[in-house]
1. Name the aspartates and glutamates eligible as straight-distance cross-link partners of K225: C-alpha to C-alpha under 14 Å, and not fewer than 8 places from it in the same chain.
2. Search the structure for amide H atoms under 5 Å from the amide H of H33, placed 1.01 Å from N in the peptide plane, and list their residues when 5 or more places away or on another chain.
3. Straight-line reach from K287: which lysines have a Cα under 20 Å away, not including same-chain ones fewer than 8 places off?
4. Please work through the chain and write down the cysteines that have no neighbouring cysteine Cβ at a distance under 4.7 Å.
5. Mind checking which aspartates and glutamates have their Cα closer than 15 Å to the Cα of K66? Skip sequence neighbours fewer than 8 apart in that chain.
6. So what J values fall out for segment 326-339 if you push phi through Karplus, 6.51 cos²θ - 1.76 cosθ + 1.60 with θ = phi - 60°, rounded to Hz, Gly and Pro as x?
7. Once you put a point 7 Å from the Cα of E206 and another 7 Å from the Cα of D58, both along the Cβ direction, what distance in nm separates them?
8. Once phi is turned into ³J(HN,Hα) by the Karplus curve 6.51 cos²θ - 1.76 cosθ + 1.60 with θ = phi - 60°, what whole-Hz value does each residue of segment 207-220 show in order, with x for glycine and proline?
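None of the figures in this text is laboratory data; all of them are computed from the coordinates on show. Model, not experiment: these values are computed from the prediction. Every residue, glycine as well, gets a Cβ built from its backbone with ideal geometry; the counts of neighbours run over all protein chains shown.
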Amino acid sequence: MTDSYEALQERVDALARQIMDRIPRSNGVGSRHHTVPRFLLEPFSSNGQVAVHELVTDKRYVGSIKDLAITDFYTVVVDVPGEGGGPAHAYDGRIETILANMEGTAARAIREFRLTPAAITADMRAALAQFASFQYVRGTRSRAEFEVLIEYGLKLTHSAVPVRRKTQHRADVQAARRAGRTPARGNRGTGRRPSARNGSTPTARELRDWIIRPHQNEFLRDLGKRAEMLYDCLINRPLTIMTLAGPWLVIGDEPLVIVDDQNYVEHRPQCLLSDRERARRWNKAVKQGRPVGDLVHLYNTRPRGLLDAEEVALPIAPDTLLLWGPEGQSLPVHITLTVGESRDVATELNRRQAADAFLWIAAHPDNAEFNSLPVPPRGPVLTVCDYDSAARDAVRTFPGRPLRLRHKDVLRRA
């Protein structure tokens, strides 16, 4: 009898827990974690050196692959028994170990695929689809998107809706009378807003000054679930390896390129409202005793997700890339491009790499065209159609580097 999906999922979870229990927590703690694996960067290097364009500082230099990493990026903080039986905290680096094992499987699949493209197996396809799915959600830009979304939600919760005090006061009086209570007249002559009278409620100025960042545990908690949803978008696509006539490709810290020429944003009528029009609608709702609400359109500035992608590309060398084609179509397992075709593909792919990159773009030191690669201005990772508030400002500001774990934040290391 075939197991149900729930039973199969329980067995998989139990096996995963057994594997995790066999890995020491201290593995990978305190070390540099590559958000783009070394095996992807090494073909773009010469003796471990790559040409780098750092987007934060706009600097260009030749540096080591080791520097394109972030210390403890995949390390989490866990609860452990402390001295005397009390609770304590410790670092746990097992996620980095799991990712490293997955990268090793993907690296072997890529080597075999390049040697004998026609002999690609179902296991190789699965390994590459899994690797690409994790690569899309594990990077610095994905973490920045998550952090900005959390900051926006928290600031939106505490942002005051621009309803006139007089309008709100009259609505409160009418509501009290309908409920059979004596209306509280209050003191309307002070000119002070409720947020200024209550020290526990932040003002709009305070909200704008605050930087809210969730703990990186929150980002890493559901990393596998997010990748699993994307895996289904790749595994059924035709996979091909494409060889260019020259080493013209570059790679960024978000190397998975979503090719979607129909990338557009579907706005709603509320998105076109000005701040004055939104305020007018809110005041009208308050006067009529209706709940005050509005549609908030929050969307990603990256191309749309894997589900809507026409093609998905991943450079694996300066002259080679993996390409997942449209689902339901057939592609040859190996495509060799002419010089003209190679130039066109490299130009388009490099343009998309530069647009999607968050912290850096890298190329082989011998790539003479790298320094002239046009890089668009840095912009927000998310954007929103909303009224003027601290929450909207948080979204429209380009986020900085990811915050790093500090060893003083925990009592001891596991």
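1. Here the aspartates and glutamates satisfying the reach criterion relative to K225 are D13.
2. I70, T71, D72, F73
3. K166
4. C233
5. Result set, ordered by chain and number: E42, E54, D253.
6. After applying 6.51 cos²θ - 1.76 cosθ + 1.60, I find x, 5, x, 9, 10, 9, x, 6, 9, 10, 10, 9, 6, 4 Hz.
7. Calculated label separation equals 3.7 nm.
8. Values, residue by residue: 4, 5, 7, 6, 10, 9, 10, x, 5, 5, 4, 5, 5, 7 Hz.
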